[in-house]
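Here the structure comes first, spelled out in structure tokens, and everything after it is commentary.
The values are calculated or read from the model by the stated rules, or taken from the named source; none is laboratory data. Bear in mind that the values here come from a model prediction, so they are computed numbers and not experimental data. With ideal geometry, Cβ positions are generated from the backbone for all residues, glycine too; neighbour counts draw on all protein chains shown.
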Amino acid sequence: MSEELKVPIMADCFAADKQPEILFWVGSAGSFDDRAKKISRAFVKILNKANVDFAVLGTEESCTGDIAKRAGNEFLFQMQAVTNIEVLNAYGVKRIVTCDPHSFNCLKNEYPGLGGSYEVLHHTQFIDELIKSGRLKIEADTYKGKRITFHDPCYLGRSNNEYDAPRNVLASTKANIIEMKRNKQTALCCGAGGAQMFKEPEKGAMDINVLRTEDALETKPHIIATGCPYCNTMLTDGIKNKEKEAEVSVLDIAELIANS
Amino acid sequence: MQYIPNILFLLLLVGGVGYFTMNIRKLIRNINLGLDVDRKDQKNIRFKNMAKIALGQTKMVRRPIAGFLHIIVYVGFLIINIEVLEIIIDGLFGTHRIFAPLGKAYNVLIGSFEILALLVLVAIIAFWIRRNVIKIKRFFSAEMTGWPKSDGNNILYFEIVLMLLFLTMNAADYKLQLLEAAHYVKAGAFPVSSWMIAPFIDGLSESALIVIERSAWWLHIAGILVFLNYLYFSKHLHILLAFPNTYFAKLTPNGQFTNSEAVTKEVKLMMDPDADPYATPDPVAETEEVAKFGASDVMDLNWIQLMNAYTCTECGRCTSECPANLTGKKLSPRKIMMDTRDRLEEVGKNIDANNGEFKDDGKQLLGDYITTEELWACTTCNACVETCPVSIDPLSIINEMRRYLVMEESAAPTELNNMMSNIENNGAPWPYNQMDRLNWVNE
């Protein structure tokens, strides 16, 4: 990375008696998956540019337990949740932002019942907020006139009814946004949800990510935009499967904005 | 002797309504076999949802053609049923067109019933064509053979016959009014039957017309009562259950899965530093039944999920949007609901046959109806939940059954077991050290 990223750590803020405006929940994918790490860095670049006072938990963060819950292991989920809630509550965290819709859904909807109530935002919602309040200005015309199609992540869209924030943010890049036939409420899943990311698909005629990639390719896009590290992996694989890597790139909205 | 028709009518009515009531009580008993879940909160929002989704059909019109046709049939049936009230009063008291003194208003009423009846006929024929000629794909999945397939057509035939009987009865009445036959008061307007049916009975004698009018009248009301009793055995039950089902539907975000309370109890105990692992077990707690994690049979599901199963009208919108099903996997959310209903019916019959007690029949929902292959194909994407026109939640059943597989049977696919042991050991689904969680910053 050429640019130096400023990533404050919660424990240091706490020691210095500072309460950051927002906690960036990096998530397991954002911390360990090579593709998703780039999204985390892009998002931090935005946070730095907009002078957002934030922090991460760093080594004190652990998996939300979301994937375990979707796989049916409620026990493991609750163990993870209770441990994370202890850390979050000890730091008095009020506001959380994350690039992972699965963490977003889990923290926002499933943690309150176990004693962890926070205001939780998906990064596209937070970026939308930064742009609207004038804290973040999109000046470059990097994507002006480019054909971009947005793939709704299930856990942001159908699961939490957020369809506008990512589209608002995309609109600010002056790109030409083209909707897929299946979009918003009827958007097709990328195939990774419900712990499918971690297993081979069941027997079938084709893989879900390939079908969804076909949906996206119908719009003849330069870029397929996503807001989820898992969707990103699935669609990137789909593009490879269709041998379209040269023409179409799969980018997270944070990456698009970080480059604008 | 002159009261024989009245008595016959009363018997028919009591028989029809009585048998229906008996089956509805059975239905309620079966639904109550499910676990309790509190859905008495936020009554305003619940009423609004019911008004919008069930009464207002807002989700039906997301598919404009089917939605429009369905609204015609729905409105038609709702309004034509006012006529049933008159038929019942006439039948019981031996009157004829008791509401006729309403005069002009009566003409408008009967006239609009006729127009609606025609529209219903047209819509139903369109439905029949969609099912049998165009063969719309979602009506032809693996689970749509046998009874479910004929059920779909039976309903259409029933409705065609009922509408034709209604119009025939009116046409004969109209002719009799023209002939100034005794008892046939001049009342009503017949904008449809007068040209659609009347020409077929032109020139018939008064007595022949009376036979036709009376037969159509009796067959029509008898048909309605038979149809009413058909509901319990059919997907058509949705005309009643759509209302409670949309009222009691989940109000929290689609993505929010329940936190199992039984698990919370265990987790709290494990995390409690004061808990004594060698303590003598609490005798009260010991006698309590050990909670079962997840669901392997219908009794482990909650009553909302069981009501969902009876409400399902097998339209297949869920399955047609399911990413697993679209890519050829075995999972079909509609089948999950149909299986749940079939098993619940089986359990209900078992209870009836064994004096109110369920006798273990060596069967369960998991395995005998729903296979693990179906359960593990789900991406939990909520497409089925979002699209259901009557707010059914197949995903919640899938998740409960996964919970049973994982927590009671340790029967998750191997790759998922690896993922879960990674989370357990290092707080991430991959085998990376938690101490490396910040390395991304400097890479």
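Is it the case that residue B:47 is aromatic (Phe, Trp, Tyr), assigned to a helix (DSSP H, G or I) and under 26 Å from residue B:124 (Cβ atoms)? Step through it out loud before you land on a result.
On the way: aromatic (Phe, Trp, Tyr): yes; assigned to a helix (DSSP H, G or I): yes; under 26 Å from residue B:124 (Cβ atoms): no.
Answer is no for this residue.
When residue A:25 is tested against (1) closer than 23 Å to residue B:264 by Cβ; (2) within 11 Å of chain B (Cβ to nearest Cβ); (3) touching a residue at least 60 places away in the same chain (Cβ under 8 Å), only condition (2) is not met.
Residues that are touching a Gly at 6+ places or on another chain (Cβ under 8 Å), at pLDDT 95 or above and of a type outside the set (Lys, Arg): list the helices (runs of 4 or more DSSP H) wholly contained in the range A:1-94 that include at least 1 such residues. Break it down into steps so the answer makes sense when it comes.
Values: elements: A:10-15, A:27-32, A:34-49, A:66-70, A:74-90.
Correct list: A:10-15, A:27-32, A:34-49, A:74-90.
Consider the range B:402-440 and keep the residues that are charged (D, E, K, R) and in contact (Cβ under 8 Å) with a residue 40 or more places away in the chain. The one that is nearest to residue B:291 (Cα to Cα) is B:408.
The set of residues from the range B:322-338 being in contact (Cβ under 8 Å) with a residue 40 or more places away in the chain, surrounded by fewer than 24 Cβ atoms within 10 Å (Cβ to Cβ) and in a helix (DSSP H, G or I) comprises just one member, B:338. Just one of the listed residues (A:179, A:214) is part of a loop (DSSP other than H, G, I, E, B) and either away from chain B (no Cβ under 14 Å) or not basic (Lys, Arg) (or both), and it is A:179. As for the range A:134-148, it holds no residue that is part of a helix (DSSP H, G or I) and out of contact with any Gly (no Cβ under 7 Å at 6 or more places or on another chain). Going by the conditions given, is residue B:433 polar (S, T, N, Q) and more than 25 Å from residue B:263 (Cα to Cα)? Yes; evaluated as a whole, the condition is true for this residue.
Being within 14 Å of another protein chain (Cβ to nearest Cβ) and without any contact (Cβ under 8 Å) to a residue 12 or more places away in the chain narrows it down to one of A:133, A:159, A:117, A:103, so name that one.
Details: A:133 fails: within 14 Å of another protein chain (Cβ to nearest Cβ); A:159 fails: without any contact (Cβ under 8 Å) to a residue 12 or more places away in the chain; A:103 fails: without any contact (Cβ under 8 Å) to a residue 12 or more places away in the chain.
Among A:133, A:159, A:117, A:103, only A:117 is within 14 Å of another protein chain (Cβ to nearest Cβ) and without any contact (Cβ under 8 Å) to a residue 12 or more places away in the chain.
Candidates are the residues of the range B:368-401 that are outside any loop (DSSP other than H, G, I, E, B) and free of Cβ contacts under 8 Å to residues at least 40 places away in the same chain; the one that is farthest from the other protein chains (Cβ to nearest Cβ) is B:368. Filtering the range A:44-79 to residues that are within 19 Å of the chain's Cα centre (by Cα), among the acidic types (Asp, Glu) and at the interface with another protein chain (Cβ under 8 Å from one of its Cβ atoms) leaves only A:61. Does residue B:313 satisfy the condition of being among the hydroxyl-bearing types (Ser, Thr, Tyr), outside any helix (DSSP H, G or I) and either touching a residue at least 24 places away in the same chain (Cβ under 8 Å) or within 14 Å of another protein chain (Cβ to nearest Cβ) (or both)? Answer is yes for this residue.
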